[in-house]
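Below you'll find the structure, written out as structure tokens, and then a few comments.
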Amino acid sequence: MTVIIFIIMLSILVLVHEFGHFIIAKLNGIRVEEFGMGLPPKLVSVKRGETAYSINLLPFGGFVKLTGEETTISSTNDPRSFASKSVGQRAAVLLAGVVMNVMLALVLFYAYFLLNNFKTSQMPLFFDHKFTFGNAKVYGTLVADVVPGYPAEKAGIKPGEIIVTVDNIEVKDVAGLREAIKNKEGKELTVVTENIGNPDFSDGFRSVTLVPQLSEEGVTSLGVYLTDTAVISYDSFLERVFVGPLHSYNVLSYSIGGMANILGVSIEEKSVEPLSQSVAGPVGIFRIVDTIVDIGGRRAVLVMLDFMGLMSLSLAFLNVMPFPALDGGRLLFVVIEGIAGRRINPKIEMLVHQVGMMFLLGLLVLITIKDLFI
């Protein structure tokens with residue numbers, strides 16, 4: 001089941017992106033030679049008009065092949081080729097995939113918030129961040145992990161739950177939890193946890209009974225690792241009307257800030273480890289999907305909608321970056337042409353994109369190895 005859902009998710013994200021290129025190319029009179037579902041080798045192909053629509057063996061995403069996409073001198077002489085079109089037309093085609101991914105993210109976020117009473121599930125906070133829109137309630141007691149054999153695990157507390165109170169004492173952070181259980185080893189305590197969207201929790205909350213014990217360091221412990229988290233709610237009428245773009249901005253600004261923070265740590269420590277641990281390739285994404293599928297029920301649907309929205313937004317952001325071989329890299333050449341008033345040598349542009357593609361493929365291989373073996 002996980003494999004099927006993973007393939008469907010990636011296919012939707014990529015096909016929506018490619019459909020953006022396809023439709024804008026058609027509208028601008030560019031010849032679309034092929035629109036493919038999946039990646040070659042080709043299984044079946046049907047030609048309608050001047051475009052071949054194909055289904056390919058590898059069920060991941062898709063592609064659009066435009067006449068003159070790989071710029072050559074001869075391609076600029078064909079009035080139906082991508083290379084012959086104006087700067088504005090080529091820019092529109094290149095940006096269309098990004099725009100479609102943003103639109104898909106908005107739709108997915110709208111669906112998610114409609115089904116989740118216009119509030120997020122727990123969002124781990126790995127650095128101090130103020131969200132621009134919505135009402136963010138910050139907790140310091142999200143269970144990131146539990147220690148095997150300790151009271152929390154025995155009581156059934158799982159990663160993803162928020163510890164709210166201990167014996168009716170509100171817990172807001174790690175220090176508060178330590179104070180609430182201080183000198184209470186061997187004594188029975190009632191712990192209330194929250195897990196928004198979990199159907200097993202009454203109104204999102206549940207109560208468990210456990211007995212703290214001394215850790216190996218001689219400290220009273222429940223056996224949990226905690227991290228900060230935020231739950232954002234969109235409460236006003238206007239916030240709910242525009243929840244798609246508002247939440248997209250919140251998520252994107254947090255993600256960019258997070259990457260900048262991680263990059264700073266990597267530079268400070270003179271190590272790529274913090275940066276490498278923050279990225280995931282296909283294997284890492286598959287594992288996330290597998291975790292979501294294991295949740296099951298309505299909550300799994302909610303988490304998947306949220307995750308797909310984030311993935312679509314991330315795909316848009318990644319593709320618009322001005323790096324060779326990406327849409328943003330190709331767009332940069334078009335912008336330079338528009339400013340300079342003349343086209344950059346096609347051979348140089350092609351070489352730059354080929355080098356960029358080799359770098360990206362190499363990076364993908366390294367990330368995959370990391371996800372598999374490290």
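Brief remarks on what is shown
- Test for G356: is it more than 30 Å from L114 (Cβ to Cβ) and in contact with a Ser or Thr (Cβ under 8 Å, 6 or more places away or on another chain): no
- Qualifying residue in the range 9-30 (condition: part of a loop (DSSP other than H, G, I, E, B), touching a residue at least 40 places away in the same chain (Cβ under 8 Å) and out of contact with any strand residue (DSSP E or B) (no Cβ under 7 Å at 6 or more places or on another chain)): yes
- Residue within the range 119-135 that is among the aliphatic types (A, V, I, L, M) and under 30 Å from P159 (Cα atoms) present: yes
- When R342 is tested against (1) loosely packed, with under 14 Cβ neighbours inside 10 Å; (2) closer than 27 Å to Y249 by Cα; (3) among the charged types (D, E, K, R), exactly one condition is not met: (2).
- Enumerated helices (runs of 4 or more DSSP H) restricted to the range 276-374, each holding at least 1 residues that are under 29 Å from R90 (Cβ atoms) and modelled with pLDDT of 90 or more: 297-320, 327-340, 346-373
- Test: residue in the range 63-75 that is surrounded by 20 or more Cβ atoms within 10 Å (Cβ to Cβ) and in a loop (DSSP other than H, G, I, E, B): yes
- The set of residues in the range 128-147 that are in contact (Cβ under 8 Å) with a residue 24 or more places away in the chain and in a loop (DSSP other than H, G, I, E, B) comprises H129, F131, T132, F133, G134, V147.
- Complete set of residues in the range 287-317 that are surrounded by fewer than 16 Cβ atoms within 10 Å (Cβ to Cβ) and among the charged types (D, E, K, R): R287, D290, D294, R298
- Here P159 passes the criteria (1) in contact (Cβ under 8 Å) with a residue 24 or more places away in the chain; (2) surrounded by fewer than 20 Cβ atoms within 10 Å (Cβ to Cβ); (3) within 29 Å of S248 (Cβ to Cβ); (4) not aromatic (F, W, Y) except the one numbered (1).
The values are calculated or read from the model by the stated rules, or taken from the named source; none is laboratory data. Just so we're clear, the structure is a prediction, and the values are computed from it rather than from any experiment. Don't worry about glycine lacking a Cβ; one is built from the backbone with ideal geometry, like all the others, and counts go over all protein chains shown.
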